[in-house]
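The values are calculated or read from the model by the stated rules, or taken from the named source; none is laboratory data. Treat the numbers as computed from the prediction; the structure is a model and nothing was measured. For neighbour counting, all protein chains shown are included, and Cβ atoms are generated from backbone atoms with ideal geometry for every residue, glycine included. Note: accessible area is taken over every heavy atom of the protein model, side chains too, but ligands, DNA and RNA are not part of it. Shrake-Rupley method; radii C 1.70, N 1.55, O 1.52, S 1.80 Å.
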Amino acid sequence: MTEAVSGLCESQNQENTTGAHTSDLSYPTFVVVGAGPVGVRCAQRLLDYSSDAQVVLVGDEEGEPYNRVRLSQYLADNLEQSELNNPVTHAPHPRLAEFHNRKIIDIDRQNKRIIDDQGQQLPYTKLILATGSVAARPEIPGVHLDNIISFRSLEDAQTLIELRQTANTIVVVGAGALGLETAAALKTSNNRVVLLARGGLLGNRLSDTAESYLSAALSALQVEVLAGAQLEECSGKDAVERIVLSSGETIDADGVVLCTGIKPETTLAEKCGLDTKRGVSVSPYLLTSDPDIYAVGECAEYNEQLYQLVRPGFEQAEICSRHVCATTDQARALPPYQGSSNDIQLKISHIPCFLIGSTNSSNDPNLRVLTFENRFRGLCRELYVRKGKLIGAVVVGAWEESHSLKQAIADDADVSELQLESFCEQGNLWQETREQTREQTLKQQPDSYLVCQCNGVSKGELCTAIAGGKRNLQDLEIETNAGSACGSCRPLMAELLDIPAPNLVMRHARGILVISILSLVLIAIAAFSPPPPVSDSVQVSWYLKKLWYDNFWKQVSGYTLLALCVMTASLSLRKRWQKIKAGHLDHWRYIHSLIGFAALLVLVVHTGFRLGENLNLALMLVFLAATCTGSLVGVFMARNHHWTDIKLREHRKWWSRVHYALLWALPVLLFYHILAVYYF
């Protein structure tokens, strides 16, 4: 690159660079300021659409780019930190250079250079501002005390994880999407979480009915929702100790999280004289008032509209990058940006909630709003229909047809009166029963079906990538970008890969795998090794003699084994009885594995590695077979997100069915075994 680029490359140890460090002046240099998801997407597309340009990505945060959109999932322990990684490319690219921990403070538009906070300069041919937004902090007394945190970055998320473990009461201020996700993620069994909703939930975009359902769902998580509550003051010595509400009510709190909105980061644009309003003013091709500078994402204002979601940012990045790399004639033919929808999808694990399309019912005589409710199941579904076409929906609670619904709204699809009647009565548009709905899998959808709404990736594109050898979620995401934004489409991607969706990120996978393998080893020893000889001589240790031959200790080990069997059977109710919600299912699976292994050890103590004869032999073989198939299921559950053979899912189903069949035989054989022992 030029001297300026080389200067930036020769930075302190805090800087991270990849790619070439030199450039020929004859090559264009496209610079992106901002390493968030939209900035990274711009850099990706610039590399894709150009053949000779140097692409430079500059970010002011330490470390590699990460996916800010999924921070609430990381906070909720649904993701590992490594899963937040969001590189421009997964391999070094000769035309890419990245600079992190570099804050750009000025733009020399006349000489087409950007200047960082250390005075070093970098030239550009075209410049893209993807500076995003900053958290809006309310101007109230005490807002700068310790433990008052604006949730915006990975560093903030890590701070909140520590706060969640130590704070007794955490107050979340703001009931937008981020506030709701944050409140749910911070709640543990040992703390109190209070959510302050000055207006309605999700910025008053919900009807009273839908809001009541969402509020009830949060209450079920033990998140306290205070409607109409406004924060007036925070007080404490060094850290926050209490807050005061507009009603005069005081709440003792040792942590406050501010989710009070964001404001576009326009400091750089304003300083260099670009036209700004609330954000940086842009044209339909995302050009600013300078023909060599673009703006995309949360910092850009198009047609007096700001977009604070990732999907509009990606749409802008696509159009902007194409325009930057196009020739003059090509640029004239490119379709312009025409605005984006402000769809919302909450990322709260067991509370599906989304708003899509147009859901504003005011002042439109042609608009119909149809509602389906099921209080018992916590379901609220609202459809917005104009002149026989689906234009929007609000959904609280699970709905098997949700992906088809999103596609229909995106396609401006017609809906018949018969379908609307079915919706009002059954809650479904395309099937009358849940069983019929389940039959319509993703594989039955056309190739044009949009799987990843954020990145506009269709089923056909995913199938093409799978056919090309991308046989796991990570490779599929790298190839197509599907699932790289909010991650809500990953279960659909898993369905195409024949991966059981509940086990994509299985907790305790390593522990279950180790226990399952140890169980299989122990079963093999019990089944195939010769039993120790029966002897009454002194050659048999006294403690083994007691365990194997003493009637009292035989009863102790026998009833211990029976108790462990009952415990493992009761643990399986967590999966099959929907009313039991305590604890994550993966925790129960782990405990189930531990108790099953303990039962095997007690069985060895009880039998002395002897299979027995007649009824005892039958009981022993059924017990070992049931434990063996259960251990095999454990191996498949622990490893299925690493194995991509389509047949493996069917193997797991088969072993599970055999396991359940054998378990039904155990109580009968145990009953006759106990009866025979006491009878004789």
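Values as computed for the structure displayed
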quantity: With all protein chains modelled, accessible area of Thr327 [1.4 Å, Å²]; calculated: 80
quantity: Cα-Cα over 32 Å, subset of Lys112/Lys459; Lys187/Lys263; Lys103/Lys187; Lys406/Lys470; calculated: Lys112/Lys459; Lys103/Lys187
quantity: DSSP-defined antiparallel bridges as percent of all bridges, region 99-248, nearest 5; calculated: 50
quantity: FRET efficiency, Ala331 to Lys103 (Cβ-Cβ, R0 30 Å, nearest 0.05); calculated: 0.45
quantity: Heavy-atom accessible area ranking, 1.4 Å probe, most first, across Arg164, Arg68; calculated: Arg68, Arg164
quantity: Accessible surface of Lys112 - all protein chains present, 1.4 Å probe, nearest 10 Å²; calculated: 60
quantity: Full-extension gain in nm, Glu83 to His587, via 0.36 nm per residue minus C-alpha separation; calculated: 179.3 nm
quantity: Rounded if a/c under 1.5, otherwise prolate or oblate - region 327-383, Cα gyration tensor axes; calculated: oblate
quantity: Exposure ranking of Asp108, Asp208, Asp252 by accessible area [1.4 Å probe, largest first]; calculated: Asp208, Asp252, Asp108
quantity: Antiparallel DSSP beta bridges within region 182-313, percent to nearest 5; calculated: 60
quantity: Accessible-area order (highest first, 1.4 angstrom probe) of the listed residues His323, His90, His100; calculated: His90, His323, His100
quantity: DSSP bridge orientation in region 54-170 - percent antiparallel, rounded to nearest 5; calculated: 65
quantity: Heavy-atom surface of region 116-190, accessible at 1.4 Å and reported per residue (Å²); calculated: 40
quantity: Area of His587 that stays accessible when all protein chains are in place (1.4 Å probe, Å², to 10); calculated: 70
quantity: GluC sites (Glu not before Pro) lying in DSSP loop within region 28-89, provided at most 11 other Cβ fall within 10 Å; calculated: Glu80
quantity: Chain lengthening between Asn111 and Thr371 when straightened (0.36 nm per residue, less Cα-Cα); calculated: 87.7 nm
quantity: Distance between modelled label sites at Leu145 and Glu421, nm, 7 Å Cα→Cβ extension; calculated: 6.1
